[in-house]
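Report on the following structure.
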Amino acid sequence: MCNTTIDPLLDLSGKVAVISGGSSGIGYGTAELLALKGAVSVILDIDEKKGKEAVRTISILGGKADFIKCNVTSDADCRSAIASIAKTHGRIDVLFNNAGVIRRKTVVDLEENEWDLVVDVTLKGAYLLSKYTIPVMAQNGGGSIINTGSGWGLKGGDNAAAYCAAKGGIVNMTRAMAIDHGAQGIRVNSMSPGDIDTPLLHDEAKQLGQDDKTFMEEAADRPLARVGTPLDVAKAVLFFASPMSEWVTGTNLTVDGGGLA
């Protein structure tokens, strides 16, 4: 990899980026892109096999990556992971709070443990990783935190009550964090994807008992007439992680092919 070919405004050379849920889907797409722009991408995930495969793939492509097994709902795991990264790399410049799950049910049909899972992975995970990352960022003069919201964090959706609640919380927590930590040089933004072709989206079809092909065709019904890709979202994360957005904080970017238009 030759960083001299990277536009200076998108150059992440010498930076350390932490990506939760980074072994597949949006998380992996982002880990790969940030690594190819010069960062060390540290992938946090509960899936050790896929996480290590992701690191190998990024290495083959010419990027640098590490993997740490981490359950983002665990205070001990998050604290330990961030401490390990700070010790190994000496800094954290980018935190992408991306881990999330969905259960396609109404509040009546949801079991309590399903509610807890969705809210804890999505919202508590972002809180815990941010809690331990922010002091490390502040010691190095600042950084960028990007939280994965959703179109359904901005409007309601059917059969997804816990997911809508968690993603709505992410979007507003982002604003609060931006206010609290701007003086430390830490920018906090969220981006809200529409339907992205990931294992999570295909699992939704299965949960709803729908034909996968039909489900994906319906998901493509938006102005740009296609389902998004992990790279579509990764590019938005790169914008927030890079000097391109150095005066942008407390905002949400919708990345959905016009689905909310």
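So, in the stretch 20-36, of the ones that are of a type in the set (A, V, I, L, M, F, W, C) and more than 19 Å from P243 (Cβ to Cβ), which residue ends up surrounded by the fewest Cβ atoms within 10 Å (Cβ to Cβ)?
Per the criteria, the residue is I26.
Sort through G90, G151 and tell me the only one that's of a type outside the set (A, V, I, L, M) and on the phi > 0 side of the Ramachandran plot.
Unique residue meeting the criteria: G90.
Which of the residues belonging to the stretch 57-73 are in a loop (DSSP other than H, G, I, E, B) and free of Cβ contacts under 8 Å to residues at least 40 places away in the same chain?
Result: N71, single match.
Looking at the structure I just gave you, is Q210 polar (S, T, N, Q) and over 30 Å from G141 (Cβ atoms)?
Yes, satisfied.
Sort out which residues of the stretch 178-229 are among the basic types (K, R) and closer than 24 Å to T251 by Cα, and write them in order of number.
R187, R222 - these are the residues of the stretch 178-229 that are among the basic types (K, R) and closer than 24 Å to T251 by Cα.
Sort through A54, A86 and tell me the only one that's part of a helix (DSSP H, G or I), in contact with a helix residue (DSSP H, G or I) (Cβ under 9 Å, 6 or more places away or on another chain), at pLDDT 95 or above and over 27 Å from G194 (Cα atoms).
Within the list A54, A86, the selection yields A86.
For the stretch 99-113, does any single residue satisfy the condition of being touching a residue at least 60 places away in the same chain (Cβ under 8 Å) and in a helix (DSSP H, G or I)?
Within the stretch 99-113, not a single residue is touching a residue at least 60 places away in the same chain (Cβ under 8 Å) and in a helix (DSSP H, G or I).
How many of the residues making up the stretch 37-54 are surrounded by fewer than 22 Cβ atoms within 10 Å (Cβ to Cβ) and within 17 Å of the chain's Cα centre (by Cα)?
Number satisfying all stated conditions: 3.
Condition first: of a type outside the set (K, R) and surrounded by fewer than 16 Cβ atoms within 10 Å (Cβ to Cβ). Now tell me which residues in the stretch 73-107 satisfy that.
Once the filter is applied, which keeps residues that are of a type outside the set (K, R) and surrounded by fewer than 16 Cβ atoms within 10 Å (Cβ to Cβ), the stretch 73-107 yields D75, A76, S80, A83, S84, T88, G90, T106, V107.
May I ask you to list pairs of residues, at least six apart or on different chains, whose Cβ atoms are under 9 Å apart, with the first in the stretch 138-157 being free of Cβ contacts under 8 Å to residues at least 24 places away in the same chain and the second being of a type in the set (F, W, Y)?
W152/Y163; G157/Y163
Hey, could you check the stretch 127-157 for residues that are in contact with a Phe, Trp or Tyr (Cβ under 9 Å, 6 or more places away or on another chain) and under 25 Å from N71 (Cα atoms) and say which is surrounded by the fewest Cβ atoms within 10 Å (Cβ to Cβ)?
Filtering first and then ranking leaves W152.
The values are calculated or read from the model by the stated rules, or taken from the named source; none is laboratory data. Keep in mind the model is a prediction, meaning the values are calculated, not measured. Here the Cβ is made from the backbone with ideal geometry for all residues, glycine too, and neighbour counts use every protein chain on show.
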